[in-house]
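Structure, as structure tokens:
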Amino acid sequence: MTQSAYPSLRMRRTRTHGWSRAMVRETTLSPADLIWPLFVTDGVGVEEPIAALPGVSRWSVDLIAERAGEAMALGIPCLALFPNTQAGRRSEDGAEALNPDNLMCRATRAIRDMCGDGIGVLTDVALDPYTSHGQDGLIDQAGYVLNDATVDALVQQSLNQAAAGADIIAPSDMMDGRIGAIRAALEQAGHANVQIMSYAAKYASAFYGPFRDAVGSRGLLKGDKQTYQMDPANSEEALREVALDLAEGADSVMVKPGLPYLDIVAKVKQRFAVPVFAYQVSGEYAMIEAAVAVGAGERDALVLETLMAFKRAGCSGVLTYHAAHAARLLG
Ligand code: PBG
């Protein structure tokens, strides 16, 4: 064997064989780390592929229940639901969010019927899938999103979802004070065990485009969401957002988008030592698929490497459109 000139610096020593790499590996990835976002649409037996998200579809309620069964078999612990509300059911005030028979509530009940308590159902709280203007909240005449009036609507939306059987309420709207208001209302309504995963550090990002197509709000949205979502330039502000949401009763917090914001994940984890989740959002998924389509990368490797990076940064889990695919690879 050749002698190394740097005997004490042989970082490569433990990398020589697979068994050794496995032995010193610091981070692991399993299907239990994944949350699978699913888009719900009307009808029966309907699968609608989403052009901007190749490989992702909207499913009717009956097929969402099938996806839930599939997820459970794959060891995925939780689903995240988003509705594609028909244009006719959208309104200025997003009242469909409060309909106990809306797509989200029907899908939640169908999953419960299919899977019992075998899988968690996380429901998104925000008005954008229901408003005719595509904003997450109620707006004034100038189009400005109003905080407190919106919080009142979000509380009602959360109670509606909890009554349908949601396990985790996930407010993605970024209004101030909504976590405390929702927590208090859940307690009062007898839903003490319903969790809240707060989208605490959600940035006004250019990576959400395909999602807005998926829920049908892209064409409707006028302007942007910068008056309530965070400035990508800020990280101290993310810590203040997280501190407030935890103080108000969030059980876990989310950082969103994912990969471009891993510094935020790491800081939040170090500072607060609470369960932190990240959302690998639609634009990130689309970027991976676009790379695969032009031969710039290999899907399985890109998916597993990105998901491992979330874990390494400190995430308890990741919301990803690649969840089922990744769970199959890991299974
Ligand atoms: C809105 C919401 C968005 C996403 C989840 N909830 C988009 C937005 O803020 O406009 C994005 C998720 C994704 O891009 O995959 N309440």
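I'd like the full set of residues that are under 22 Å from A80 (Cα atoms) and more than 8 Å from the ligand (Cβ to nearest atom), limited to the stretch 188-203. Show your work before the answer.
Step one: of the stretch 188-203, the residues under 22 Å from A80 (Cα atoms) are 191-203.
Hits for the stretch 188-203 are H191, A192, N193, V194, Q195, I196, M197, S198, A200, A201, Y203.
Report, by residue number, each residue of the stretch 62-77 that is buried (at least 22 other Cβ atoms within 10 Å of the Cβ) and not in a loop (DSSP other than H, G, I, E, B). It would help to see each step written out before you state the result.
Taking the stretch 62-77 first, the residues buried (at least 22 other Cβ atoms within 10 Å of the Cβ) are 64, 68, 71, 76.
Those that are buried (at least 22 other Cβ atoms within 10 Å of the Cβ) and not in a loop (DSSP other than H, G, I, E, B): I64, A68, A71.
Sort through G88, G43 and tell me the only one that's surrounded by fewer than 16 Cβ atoms within 10 Å (Cβ to Cβ) and in a helix (DSSP H, G or I). Quick ask: steps written out before the conclusion?
On the way: G43 fails: in a helix (DSSP H, G or I).
Only one candidate passes the filter, namely G88.
Is there a residue being aliphatic (A, V, I, L, M), touching a Phe, Trp or Tyr at 6+ places or on another chain (Cβ under 7 Å) and crowded, with 23+ Cβ neighbours inside 10 Å anywhere in the stretch 151-159? Step through it out loud before you land on a result.
Kept after step one, since they are aliphatic (A, V, I, L, M), are these residues of the stretch 151-159: 151, 153-155, 159.
Then keep just the ones that are touching a Phe, Trp or Tyr at 6+ places or on another chain (Cβ under 7 Å); that gives none.
Among the residues of the stretch 151-159, not one is aliphatic (A, V, I, L, M), touching a Phe, Trp or Tyr at 6+ places or on another chain (Cβ under 7 Å) and crowded, with 23+ Cβ neighbours inside 10 Å, which makes the answer no.
Of all residues in the stretch 219-242, which are of a type outside the set (D, E, K, R), free of Cβ contacts under 8 Å to residues at least 40 places away in the same chain and part of a helix (DSSP H, G or I)?
A238, L239
Only one of these is touching a residue at least 60 places away in the same chain (Cβ under 8 Å), away from the ligand (no atom under 14 Å from the Cβ) and open to solvent by less than 20 Å² (accessible area, probe 1.4 Å): A163, A107. Name it. Explain how you work it out, then say what you get.
Numbers: A163 fails: open to solvent by less than 20 Å² (accessible area, probe 1.4 Å).
It is A107.
Of the residues that sit in the stretch 225-242 and are over 18 Å from Y208 (Cβ atoms) and open to solvent by 40 Å² or more (accessible area, probe 1.4 Å), which one is nearest to the ligand (Cβ to nearest atom)?
Result: E237.
The values are calculated or read from the model by the stated rules, or taken from the named source; none is laboratory data. Remember, predicted model here, so these are calculated numbers, not experimental data. Don't worry about glycine lacking a Cβ; one is built from the backbone with ideal geometry, like all the others, and counts go over all protein chains shown. The area values use the complete protein model at the heavy-atom level, side chains included, leaving out ligands, DNA and RNA. Shrake-Rupley method; radii C 1.70, N 1.55, O 1.52, S 1.80 Å.
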